[in-house]
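A.B. asks: One structure follows; several queries about it will come next.
The values are calculated or read from the model by the stated rules, or taken from the named source; none is laboratory data. This is a predicted model, so every value here is computed, not measured. Heads up, the Cβs are rebuilt from the backbone with ideal geometry, glycines too, and the neighbour counts pull from every protein chain shown. With ligands, DNA and RNA removed, areas are computed over all heavy atoms of the protein, side chains included. Shrake-Rupley method; radii C 1.70, N 1.55, O 1.52, S 1.80 Å.
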Amino acid sequence: MADDDDDKPGDRRPMIVLAGNPNVGKTTLFNALTGLSAKVSNYPGITVERRVGRVTLPDGRVADLCDLPGTYSLNARSAEEQIAFDAIVGLAGEPVPDAAIVCLDATQLARSAYLLLQIQELGTRCVVALTMVDEAKSATPDPKALGALLGCEVVAVTARTRTGIPELLDAVVRAAHGERRAVWTWEPDPAISAGIAAVRAALPDAWMTRTRFGTSVARGDDALALWALSSIEARADSAHGDADELDVPAAVRTAVERADLPEGKLDAPILARWAFLDRELPRLVAKPPDRTRTERIDRVLLHRIFGFAVFLGVMAVVFMSLFAWSKPAIDGVDSLFKWLGDELRTAIAPAASEELCDKLTASTDARTIVTDFLVDGVIGGVGAVMVFLPQILLLFLFLGFLEDCGYLARVAYLMDRIMRTMNLHGRAFVPMLSGFACAVPAIMATRTMERRRDRILTMMVVPLMTCSARLPVYTLVIAALIPGSAATQALLMVGMYLFSVSTALAAAWIMSRTVQPLKAKRLPFLIELPPYRLPRLRDVVRMMWSKSSMFLREAGTVILVCSIALWALLSFPRDPTDGHPDRVAACAVADGDEAKQALVDAESGARLAESYGGRLGHTVEPVLAPLGFDWKIDIGIIGAFAAREVFVSTLGIVYSVGGEADESSEPLREALRSAKKPDGSQAYTPLVGLSLMIFFALACQCMSTLAVVRRETRSWRWPAFLFGYMTTLAWIASMLVYQVGRLLGFG
Amino acid sequence: MPSLAEVALGQQATVREVSGARAFRRRLLELGLVPGVAVRVVTIAPLGDPLRIEVRGGQWSLRRSEAAQIDVDPAPHG
């Protein structure tokens, strides 16, 4: 409601950032600090989530708390690290934080302290939240001694029980009022000092501490210069294949290039930080934390036989949940929107529903148009969006649970050997498996991979997997057009699955060798295998909700607009003189509803053929004729763009058996079987059926997939590429099947 | 000098030098895989690759080809 009312100039809300490595309990702490106030959005231009919540400080002020992406370092090799850096120093439109809460994992103290050292060098005021103390038990360092060593306050917290939270916030208030100083634990050698000085001289005014902090902190500027040196140099190796450009002014870039430090020179700051930690921390940490529980679980879960058995079991559960268990919910959403549409239609035009024959003539009546728009366009479109929710919710429930307990990293570890043959990331396995149910949640699941290149490559091949929306099409085509026993038909269905897996893998292999931003040989695969931990239901549910609501807000709007556009395409123009006189006359004397309904269905078929979409079907007929399709199938293909299964109902209208026809409708099957070409020969031979199935297997017949790819890649370029390559591939493959088949004499 | 890829399952070694592409080497160094640190090969994935290594109490999945760029002293640390 009254949401941004407190953004008065000069009275800025304090900004606190929450930084830390992945898997250190940062999200749990964020949720504990902000309660239900968190809002999730995206950083402009990229798919990194920006989570900001409110927290009331002990001094009565309300502060914004921004949860930064979990990173191991600030040297910007990835989008996540770039954002963490920008938010910590207050660049690229991010406000300068009043203080940073840095999570240090008591069981991984040195590694998490490394990030803290980098943050403190930059002059950001820090408070340490020491997490995982319940896990580290007696290995937990003394917060006071640690604080004295690191030069900032350290508070041990257990977010679950809120232990330490008030003390942490007290420390944040003290830090936010403290002076700005840059804490360095090492001294650069002359060569690096010279490089730093040269780059610092080139820093734009907006980057200097005197502008950002309002007070000059010399070593903070040094740290920023060092960051530019390290990040630009690391980015120079495009080996990590990230297409994102580092956002650095040209002058700084030139200064870095001119400094031209010898190869390996910039390892020194890293080694110096580690030397400090290795020298000082052992005094504070009595013994390494106990990992026997994780080791024991891994002995089973990563075992060469049991490991794969458990893996198959877990994946089967994920797959079944998407494929089968979500079905009642999906059907529920479908019938809910159908019911809503029917109710609305009756409410607006109660009379029209009574007499079947009126449907022949009423189509240009303003009331009918408005009703059709609301029912078929808007409610149908909203339904088309909502229908994805059950699968998205379920998939992210599982993903959140598997990620938080530590198993998802193990899946990548187990599958890497197989996936990398196709130059895919080990973590691409789960999205590809989910693609068997639906590409939309599967594409959203690519976010578990940190490299943009890996995410995009996976998104480009996931839509080739046999999603559940292709099944009604296959079922109809196989039942209507493919002769043979039930066993042959079942075998063909299995064949379609195998076909989709092999094309997806082959496509990944080919694209990773040919498409420029996806091209990358031997990308490093370095992932942490965190200790097993019991996930918190609250964190999982919150993640699930934030993903779903983002889908509704961003991809949902595109899907809705496309649905309405497609509805218009298939419903207009409406001829004011519609209602074929013969049919109107016949209806008046028709005996019984069945005969009348047949006339209404025939009228709907004729209208669809006359619509813009229908004319488009005629227009594209020459293009699709080499594949064995006629204009009626072409209209079905146009309709299928809304969702593949719509092909079936569109064909139902074209063949005048009514739009309610589903894949098991015998009249529709019969209509397809007996359809004739103008010359009287059979229109749809088994070969046409096969060509049609290949087309549906390969073509990107799904606007929702394109909408979600656009949302995940933040550009129209990738959905355009996806649509282009899949449709071209589909055309070529179906054409080959049909033409070669004909040459071989298969009709 | 042996590389981490040659360390036997369950054995510990000491890192001597990390080579390889600059960005990847920096990443390993920043994670604490610096010369002098003890590293252990905890498990090998069922298909023979990647390795699971332990450094400073944290465990990582690392491919053989990447482990081959890390020179180690087979002698156990300390």
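A.B. asks: Right, A:Val411: in a helix (DSSP H, G or I), away from every other protein chain (no Cβ under 14 Å) and farther than 25 Å from A:Gln82 by Cβ or not? Explain how you work it out, then say what you get.
C.D. replies: Numbers: in a helix (DSSP H, G or I): yes; away from every other protein chain (no Cβ under 14 Å): no; farther than 25 Å from A:Gln82 by Cβ: yes.
The answer is no for A:Val411.
A.B. asks: Identify all residues within the stretch A:586-611 that are open to solvent by less than 50 Å² (accessible area, probe 1.4 Å), aliphatic (A, V, I, L, M) and in a helix (DSSP H, G or I); write none if there are none.
C.D. replies: Listed by number, the residues that qualify are A:Ala586, A:Ala595, A:Leu599, A:Val600, A:Ala602, A:Ala606, A:Leu608, A:Ala609.
A.B. asks: Is there a residue being of a type in the set (Lys, Arg) and either within 14 Å of another protein chain (Cβ to nearest Cβ) or more than 21 Å from A:Ser715 (Cβ to Cβ) (or both) anywhere in the stretch A:438-454?
C.D. replies: yes
A.B. asks: Which one of A:Ala707, A:Ala733, A:Ala720, A:Ala671 is open to solvent by less than 10 Å² (accessible area, probe 1.4 Å), outside the structural domain of A:Ala507 (by TED's automatic domain parsing) and small (Gly, Ala, Ser)?
C.D. replies: A:Ala707
A.B. asks: Can you tell me which residues in the stretch A:397-412 are touching a Lys or Arg at 6+ places or on another chain (Cβ under 7 Å) and open to solvent by less than 10 Å² (accessible area, probe 1.4 Å)?
C.D. replies: A:Gly406, A:Ala412
A.B. asks: Sticking with this one: What is the residue count in the stretch A:283-299 for residues that are open to solvent by 40 Å² or more (accessible area, probe 1.4 Å), within 24 Å of A:Leu116 (Cα to Cα) and more than 11 Å from every other protein chain (Cβ to nearest Cβ)?
C.D. replies: 2
A.B. asks: Answer yes if at least one residue in the stretch A:360-378 is outside any helix (DSSP H, G or I) and either modelled with pLDDT of 85 or more or out of contact with any Asp or Glu (no Cβ under 6 Å at 6 or more places or on another chain) (or both), and no otherwise.
C.D. replies: yes
A.B. asks: Oh, and also: Any residue in the stretch A:444-457 that is in contact (Cβ under 8 Å) with a residue 40 or more places away in the chain, farther than 26 Å from A:Thr71 by Cα and open to solvent by 40 Å² or more (accessible area, probe 1.4 Å)?
C.D. replies: For the stretch A:444-457, residues in contact (Cβ under 8 Å) with a residue 40 or more places away in the chain, farther than 26 Å from A:Thr71 by Cα and open to solvent by 40 Å² or more (accessible area, probe 1.4 Å): absent.
A.B. asks: Step by step: first the residues of the stretch A:126-168, then only those that are assigned to a helix (DSSP H, G or I) and at pLDDT below 90, then the one that is surrounded by the fewest Cβ atoms within 10 Å (Cβ to Cβ). Which residue is that? Spell out how you get there, then give the answer.
C.D. replies: Here is the first cut: in the stretch A:126-168, the ones assigned to a helix (DSSP H, G or I) are A:133-139, A:143-150, A:165-168.
After this cut, where a residue has to be at pLDDT below 90 as well, the list is A:133-139.
Numbers: A:Val133: 20, A:Asp134: 13, A:Glu135: 19, A:Ala136: 23, A:Lys137: 12, A:Ser138: 8, A:Ala139: 18.
The selected residue is A:Ser138.
A.B. asks: Is one or more of the residues making up the stretch B:31-38 in contact with a helix residue (DSSP H, G or I) (Cβ under 8 Å, 6 or more places away or on another chain), open to solvent by 50 Å² or more (accessible area, probe 1.4 Å) and within 22 Å of A:Pro288 (Cα to Cα)?
C.D. replies: Checked the stretch B:31-38: at least one residue is in contact with a helix residue (DSSP H, G or I) (Cβ under 8 Å, 6 or more places away or on another chain), open to solvent by 50 Å² or more (accessible area, probe 1.4 Å) and within 22 Å of A:Pro288 (Cα to Cα).
A.B. asks: Name every residue in the stretch A:91-121 that is assigned to a loop (DSSP other than H, G, I, E, B), in contact with a Phe, Trp or Tyr (Cβ under 8 Å, 6 or more places away or on another chain) and modelled with pLDDT of 90 or more, in order of residue number.
C.D. replies: Passing the criteria: only A:Val96.
A.B. asks: Turning to a different aspect of this structure: Out of the residues in the stretch A:265-274 that are open to solvent by 20 Å² or more (accessible area, probe 1.4 Å) and more than 8 Å from chain B (Cβ to nearest Cβ), state the one that is modelled with the highest pLDDT.
C.D. replies: Going through the qualifying residues, I end up with A:Ala272.
A.B. asks: Would you pick out the residues in the stretch B:46-67 that are of a type in the set (A, V, I, L, M) and free of Cβ contacts under 8 Å to residues at least 12 places away in the same chain?
C.D. replies: Hit for the stretch B:46-67 is B:Leu47, nothing else.
A.B. asks: Taking the conditions exactly as written (surrounded by 22 or more Cβ atoms within 10 Å (Cβ to Cβ) and within 14 Å of chain B (Cβ to nearest Cβ)), does A:Ile101 satisfy them or not?
C.D. replies: It is false that A:Ile101 is surrounded by 22 or more Cβ atoms within 10 Å (Cβ to Cβ) and within 14 Å of chain B (Cβ to nearest Cβ).
A.B. asks: Right, something else. State the number of residues belonging to the stretch A:421-442 that are part of a helix (DSSP H, G or I) and either under 13 Å from A:Val411 (Cβ atoms) or more than 14 Å from the chain's Cα centre (by Cα) (or both).
C.D. replies: 11
A.B. asks: Related question: Does the stretch A:308-345 hold any residues that are more than 29 Å from A:Glu403 (Cα to Cα) and at pLDDT below 85, and which are they?
C.D. replies: A:Arg345
A.B. asks: Looking at (1) open to solvent by less than 10 Å² (accessible area, probe 1.4 Å); (2) more than 14 Å from chain B (Cβ to nearest Cβ); (3) of a type outside the set (A, V, I, L, M), which is the one condition that is false for A:Asp416?
C.D. replies: Result: A:Asp416 passes all but (2).
A.B. asks: Which of the residues spanning the stretch B:47-60 are over 24 Å from A:Phe308 (Cα atoms) and either within 7 Å of chain A (Cβ to nearest Cβ) or touching a helix residue (DSSP H, G or I) at 6+ places or on another chain (Cβ under 7 Å) (or both)?
C.D. replies: Scanning the stretch B:47-60 gives B:Arg56, B:Gly57.
A.B. asks: Quick check: is even one residue across the stretch A:517-530 open to solvent by 50 Å² or more (accessible area, probe 1.4 Å), within 14 Å of chain B (Cβ to nearest Cβ) and either not in a helix (DSSP H, G or I) or not acidic (Asp, Glu) (or both)?
C.D. replies: yes
A.B. asks: Further question on the same structure: Suppose we filter the stretch B:20-43 for residues that are of a type in the set (A, V, I, L, M, F, W, C) and more than 9 Å from chain A (Cβ to nearest Cβ); how many remain?
C.D. replies: 4
A.B. asks: Give the residues of the stretch A:66-83 that are open to solvent by 20 Å² or more (accessible area, probe 1.4 Å) and part of a helix (DSSP H, G or I), sorted by residue number.
C.D. replies: Listed by number, the residues that qualify are A:Glu80, A:Gln82.
A.B. asks: May I ask you to list the residues in the stretch A:253-264 that are more than 9 Å from chain B (Cβ to nearest Cβ), in contact with a helix residue (DSSP H, G or I) (Cβ under 8 Å, 6 or more places away or on another chain) and not in a helix (DSSP H, G or I)?
C.D. replies: Result: A:Leu261, A:Pro262.
A.B. asks: Give the residue, chosen from A:Gly659, A:Gly614, A:Gly636, that is open to solvent by 10 Å² or more (accessible area, probe 1.4 Å), within 35 Å of the chain's Cα centre (by Cα) and either farther than 24 Å from A:Leu706 by Cβ or at pLDDT 80 or above (or both).
C.D. replies: Checking each option against the conditions leaves just A:Gly659.
A.B. asks: Then there's this: Output the residue which, of all residues in the stretch B:61-78 that are in a strand (DSSP E or B) and either of a type in the set (Gly, Ala, Ser) or surrounded by 22 or more Cβ atoms within 10 Å (Cβ to Cβ) (or both), is nearest to the other protein chains (Cβ to nearest Cβ).
C.D. replies: B:Ser61
A.B. asks: Now, a different point. Read through the list (1) part of a helix (DSSP H, G or I); (2) within 14 Å of chain B (Cβ to nearest Cβ), then give the number of the only condition that A:Leu492 fails.
C.D. replies: Against the list (1) part of a helix (DSSP H, G or I); (2) within 14 Å of chain B (Cβ to nearest Cβ), A:Leu492 comes up short only on (2).
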